[in-house]
Amino acid sequence: MQKEYCLKVGSIIGSSTNANVFNYKFTNENGEVEYKDVSDICIKNIQEDGFDCIFTLGGDGTQKSARDLSTKGVNVIGVPKTIDNDVACTEITFGYNTAVSVAMEAIDRLHTTGETHHRIMVLEVMGRYAGWIALESAIAGGADVALIPEIPYDIESVAKKIKNRQLRGKNFSIVVVSEGAKPKGGEMVIRGMRDNGKGVDNTKLGGIGEVIAKQLEELTGLEARNTTLGYMQRGGTPTAFDRVLSTKYGTKAMQLALEGKFGRLAVIKDGKLDDVSLEDVVGNNKEIGAVSGNTAESNIRKVSMDNDLIKTARSVGINLGD
């Protein structure tokens, strides 16, 4: 086996973001797909190449893989990087602020068309199981509705909000929806399924924005249009905030390495740099190889109902679908 097996550490160096070395996908000589645990090969490659430490940059799945390899003797230090902002034990991840800024700019641009053409403009943003991007961009962009995975929505409540705006002479509305939002008693809109094996979230989300737009058009009589930002949120030029935040995390991670403190994640706690055990980050998700997914054992940082963003959104009149 070649030395292609390594940690999920990001896209730039060519490693996979959807591979699990504890359950790695192969196509055998017969053309059949099978899965094998190649973690020992991964560890052997790390040792032979003389790595003193592996820094894992990524979200909950990456840090779960980091924890699993640390239990097998690899020196690992995690750095929280994901636009979803859902890594446990830290207040913010880098990449998130940039994604929110892109979404906010999209909302600003949609305002023009919505107001001049008297339309409902729906913006679908990323956020599989955590609604941070939708919620914060909605506040920043002055949206009227924000639908997030943490609050199952009632489409009638959303329509009522839009009708009330019509009664006040506002014949347009801006609706921001997380890709993982779902109706009360319903499920997320799934575009398809991947086959990357056990331990990886194989669901491909997308399409909730179109569903919401169609429903609101029928309920309100206003034309509705959906825009899905997709991967526009993930690339491009980082904000100054994210550049500084990633540098802070990097210096903290290097400090931990120099001190020989492995199996840790660099975090922001109470606004200050700190570190926590990767065991705390994965929480009850202790099974080796079960790297990610919205399971009862997963330790994903979601928006709590007492979060200041929830309180702020409600205070300024943003409908959250409930």
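The values are calculated or read from the model by the stated rules, or taken from the named source; none is laboratory data. The shown structure was predicted, so the numbers you read here are calculated from the model rather than taken from an experiment. Methodologically, a virtual Cβ is constructed for each residue, glycine included, from the backbone with ideal geometry; neighbour enumeration extends over all protein chains shown.
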- request: Scan the stretch 164-188 residue by residue and report those that are surrounded by 15 or more Cβ atoms within 10 Å (Cβ to Cβ) and not polar (S, T, N, Q).
  value: R165, F172, I174, V175, V176, V177, E179, G180, A181, K182, P183, M188
message: Please go through the stretch 44-59 and give me each residue that is closer than 18 Å to M254 by Cβ, surrounded by 11 or more Cβ atoms within 10 Å (Cβ to Cβ) and either in contact with a Cys (Cβ under 7 Å, 6 or more places away or on another chain) or not aliphatic (A, V, I, L, M) (or both), ordered by number.
response: F51, C53, F55, T56, G58
message: I'd like the full set of residues that are outside any loop (DSSP other than H, G, I, E, B), of a type in the set (G, A, S) and surrounded by fewer than 18 Cβ atoms within 10 Å (Cβ to Cβ), limited to the stretch 261-305.
response: S277
Output for the stretch 27-43, where each listed residue is surrounded by 12 or more Cβ atoms within 10 Å (Cβ to Cβ) and over 30 Å from G250 (Cα atoms): Y35, K36, D37
field: Cross-chain or 6+ apart pairs with Cβ under 7 Å, the stretch 202-227 first and free of Cβ contacts under 8 Å to residues at least 40 places away in the same chain and surrounded by 16 or more Cβ atoms within 10 Å (Cβ to Cβ), then in a helix (DSSP H, G or I) and of a type in the set (S, T, Y)
entry: none
- request: Sort out which residues of the stretch 147-191 are under 19 Å from H111 (Cβ atoms), in contact (Cβ under 8 Å) with a residue 60 or more places away in the chain and assigned to a strand (DSSP E or B), and write them in order of number.
  value: L147, I174, V176
- request: Only one of these is within 20 Å of the chain's Cα centre (by Cα), at pLDDT 95 or above, more than 14 Å from A213 (Cα to Cα) and not charged (D, E, K, R): P152, P183. Name it.
  value: P152
statement: Reported set for the stretch 1-19 where residues are under 17 Å from G289 (Cβ atoms) and either assigned by TED's automatic domain parsing to the domain that holds V74 or at pLDDT below 55 (or both) is Y5, C6, L7, K8
- request: Within the stretch 87-102, identify whether any single residue is more than 30 Å from L222 (Cα to Cα), assigned to a helix (DSSP H, G or I) and of a type in the set (F, W, Y), and answer yes or no.
  value: yes
